[in-house]
Every structure is written in C-alpha cells, then in structure tokens.
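Structure record follows, encoded as structure tokens.
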Amino acid sequence: MAIRRTFRGGIHPDDHKDFTSSLSVQDMPAPDRVVLPLRQHLGAPAKAVVQVGQRVAVGQVVGEATGFVSAPVHASIAGEVTAIAKYRHPGGFLAESVVIEARDAAPEGDESPWPPEPFRMPGASHDYGSMDAEHIRSLIRNAGIVGMGGAAFPTAVKLSPPKGKKVELLIINGAECEPFLTCDHRCMLEETDKIVHGVKILMRALGVSSAIIGIEDNKPDAIAVMTKAFAGVLGVTVATCKVKYPQGGEKQLIKALTGREVPPPPGLPLDVGIVVQNVGTAAKVADAVMDGITFYERTITLSGSQIAKPANVRVRLGTMLGDVLEFCGGLKADPAKVIMGGPMMGVSLSDLDVPVVKGTSGFLFFDGLAAAELEAGPCLRCGRCVDICPLRLRPAEIAQFIEAGDLDGAEAMHVRECMECGSCSYICPANRWLVQLFRIAKAKLNERKK
Ligand code: SF4
Ligand code: SF4
C-alpha cells in the first residue's frame, strides 16, 4: 500500500467534489466584451500600454509590469479597446481596467485580415532543453504567468531566488484541498503532457534535479495518470497525500512531502531550499515557453447548491461572471452567498458584476441553509482549535486578546503567522468567528505599521 503523507493538525470537511470531478472541461466561446483589471496578481499593478480606440489581437500585451513583483496583462479577445477606467474587481475594490469589445471587421480603410492572428512571443521553442534559465524566466515573466492556486504571485519572481539562497527541490502542488474545486484535478487528467513539459522547464529554470508532485488521495485517477506520465522522467516522483484541509497550503505540503518546516513569516519555502508551483501553473509555463502563448484564459469550477449545471469551464480572462453563468445554464434560484475560490479561503462576492481574473479558481453559489451564519457563543475551552491549527497557534487565546482590544497581546501570540485557513472556525463547537477576528487584527496591525 502506498504511503500517504500528511502534516500535523488540519480538518476533514466534506469535499463536495463529486459535482464536477468527472466533468470534462468545456471551452466557453470568447465573449463579446471583457474587462481586464490591471491588478490581477500580488505586487504592483500593471500599467496600460494601449489607448481607447486601439485594435488588439488575442494575447497582445495591454498592460505592462511596473516592477520586479508585478505581471503584464494581455488581451483575451480580439477587438477594440473601448475604455480604460475603474471597474469592480472580484476582490471587492475598484481597479483600473482595460475594456475590450469584439469587432466584426478591421477599421474602415484597413485592408488587414480580421481578426488578426493571435500574438505569440518570440523566442519560444519546443527545444527548451537548450534554453538558459534567464531565457525561460523572461518568457514566463512576459507571458504574465502567476500562481494559479489563488494567491496569484508572479511565477518568474518565485523562479528568481535571491543571492545566497540555494533551491534544491521543486514541489508541484496537485493537492487541491479546498472543497468543491476541481479545476486542478481536471488539468492533471486533461493537460498531462503540458504538465510534464512544464515541470521539466521549471526544473531547468531553477537548476534542480528533483521534483515531487503531491496529490491528495481523493483523486486516484489523477495519481494514476500522473504516475504513468512521469514514469520515465528522471528525478520526478508522484506522492500521495492524505485528504486533509489545508493539505494544499505551501507549508503543509512541504511538511507532508519532505518533513521540512518553513520558518514563520517572513520565512519562505526558499529558506528550506524548496519552490512550490501549482499544476495549472506548470501547464501555463509549457504554453509560454514552448509556444509563446501568453496568459489570457484559465479553467474555473462552477459549483454549489444553487447552480443549475455544475461545470469546469475554460474561459477568457476578463469574462464577466454573468456571461459565464449564462453559458453554463444559469442558477436554480437566487443564491444567498457567492464565493470566488473555495469555501474555506475564498472571497465572498457582494457584487456579481465582476470579471474572471488570473487567480479565479472557481465560483460557488450557495442557498440560505449552506450560507447561514450560526450564532456565536462563548468559548467552551475545549481546545479543539489548538489541536487542529496547522501552524500550532492557539486560536482561542489569540481571540481573547483581540476581543479585549489587546493587539499587542495578539501579536505576541503570533496572530500575524495565521494563514487564515479557517480550520479553527470550522471546528469550533461554539461557532466562534475566529478567522474573521484574525483577519481584522492582522489588517489593523499592518495599518499600525505604516
Ligand atoms: S485560521 Fe489561523 S489560527 Fe485558525 S487554524 Fe488556520 S492558521 Fe490556525
Ligand atoms: S474550539 Fe472554540 S470553544 Fe473550543 S477552545 Fe477553541 S475557541 Fe474555544
């Protein structure tokens, strides 16, 4: 029997993946209009490099990166730029965005064929074995690739360790531990070859000879397919992880697969010689480095009790949620709660007039029962939150400090280290709003630091 790796703590919520795990990814046709926020990644927002009235090709850059930790944004449909203005971002804020509307023909007097050929980056090649690391990094950077697991950290930055830090292992995250989401699962089944190339390219960029792909054992078909695909690839192993939330957290996956402990913030996986990338990111890397394709579409999962037909769909970035819903057959009834991402760490949407962005792994639609907020009671001192916290924090005590207005006390109890996984709130029999308190406390501490 295969060894199933895991970490200390964690919880076992129902995974609800049956709704979509066996459904192949559908391709949604390009919409007539997209709204592309220039902030779709962690770091500095991109800066628009197109003007209203300008025609653009699919894949063409419309926003350039503005710093080392930044990423460019690309046109996801061919058409005309009709606005550059602030629009609602799924994160809840207003973000400068480039709006493109499809056009039937080239402008009058312009004899060029329409639509134009999709843009492809020069310098891409299937012969990546002869590319040096900087060439690979520049293709990944120029393609605008960011982590597909939700955090949207620019991938090229993760592949550029600072001087003095030695990377010796690449971990590929195929855990997908958030309930309901299945886009990574389908990616492993349907884009296996791309992932194989992507992993080899990432290993070359990092100069490492070993990689481990971690997959939770609720995806036996993906484990079988990936094990077969990597059988002849030197230095790469596929490891089975126990189904446990948050197995897909970087620190938890590293602990499960290697036994190494990433130091508390500002400690990074790099401090233990490891870089972690998501399976979907590896597939995007293959597209960029081998075929020059920039990041302008992604697969998302649509699920939850209120959606008529749960689905995995490949959509152009900037497609409005309403258009995706229409393509998928709409809702059964008005949802009481809509979440972008998974139910544990996703973002509740107050406005549904928002676009798909690079970090969108899915949208979940819940009825009143599933979304009901249970009344919070006093702490029962049961200690369950302490037992399951994957970071070994003491949630009940931290909450007491915050409720007493003692931010310094909460900081001394390491509230800043909280990864906001929500496991303590999930397990608490008194329904205490622990993770919500920690989010607020962290925001206040950050504000105080400015
Ligand atoms: S939300 Fe924070 S305190 Fe609660 S279990 Fe997760 S890491 Fe621990
Ligand atoms: S799980 Fe809830 S009730 Fe139990 S100690 Fe933690 S905060 Fe208190």
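Some notes on this structure:
- Complete set of residues in the stretch 288-297 that are surrounded by 21 or more Cβ atoms within 10 Å (Cβ to Cβ) and either assigned to a helix (DSSP H, G or I) or small (Gly, Ala, Ser) (or both): Ala288, Val289
- Restricting Val272, Val279, Val225 to residues that are open to solvent by 10 Å² or more (accessible area, probe 1.4 Å), over 26 Å from Lys163 (Cα atoms) and among the hydrophobic types (A, V, I, L, M, F, W, C) narrows the list to Val225.
- Per the conditions (1) assigned to a strand (DSSP E or B); (2) touching an Asp or Glu at 6+ places or on another chain (Cβ under 7 Å), the sole criterion not satisfied by Arg103 is (1).
- If only residues of the stretch 40-61 that are more than 17 Å from Ile77 (Cα to Cα) and of a type in the set (A, V, I, L, M, F, W, C) are counted, the one that is least open to solvent (accessible area, probe 1.4 Å) is Ala46.
- Residue tally, condition buried (at least 16 other Cβ atoms within 10 Å of the Cβ), among the aliphatic types (A, V, I, L, M) and either more than 10 Å from ligand 1 (Cβ to nearest atom) or assigned to a helix (DSSP H, G or I) (or both), over the stretch 387-412: 7
- Residue check for Phe363: open to solvent by less than 70 Å² (accessible area, probe 1.4 Å), at negative phi and more than 14 Å from ligand 1 (Cβ to nearest atom): yes
- Residues of the stretch 127-169 that are touching an Asp or Glu at 6+ places or on another chain (Cβ under 8 Å) and either over 29 Å from Leu36 (Cβ atoms) or surrounded by fewer than 19 Cβ atoms within 10 Å (Cβ to Cβ) (or both): Lys165 alone.
- Those strands (runs of 3 or more DSSP E) lying entirely in the stretch 13-95 with at least 1 residues among the small types (Gly, Ala, Ser) and not assigned by TED's automatic domain parsing to the domain that holds Gly150: 61-64, 79-88
- Residues that are of a type outside the set (S, T, N, Q) and assigned to a loop (DSSP other than H, G, I, E, B) were ranked within the stretch 1-12; the one that is modelled with the lowest pLDDT is Met1.
- For the stretch 420-439, taking the residues that are more than 6 Å from ligand 1 (Cβ to nearest atom) and outside any helix (DSSP H, G or I), the one that is nearest to Val347 (Cα to Cα) is identified as Trp433.
- Some residue of the stretch 179-200 being of a type in the set (A, V, I, L, M) and modelled with pLDDT under 95: no
- Meets criteria (touching a residue at least 60 places away in the same chain (Cβ under 8 Å) and open to solvent by 30 Å² or more (accessible area, probe 1.4 Å)) for Glu420: yes
- Residue count, the stretch 1-39 (criterion: open to solvent by 80 Å² or more (accessible area, probe 1.4 Å), under 21 Å from Ala95 (Cα atoms) and not charged (D, E, K, R)): 0
- Here Ile215 meets each of (1) closer than 24 Å to Pro263 by Cβ; (2) β-branched (Val, Ile, Thr); (3) buried (at least 24 other Cβ atoms within 10 Å of the Cβ) with one exception, condition (1).
The values are calculated or read from the model by the stated rules, or taken from the named source; none is laboratory data. Because the structure is predicted, anything quoted here is derived from the model rather than measured. No Cβ is skipped: glycine too gets one built from the backbone with ideal geometry, and neighbour counts run over all protein chains shown. For accessibility, only protein heavy atoms count, side chains too; no ligands or nucleic acids. Shrake-Rupley method; radii C 1.70, N 1.55, O 1.52, S 1.80 Å.
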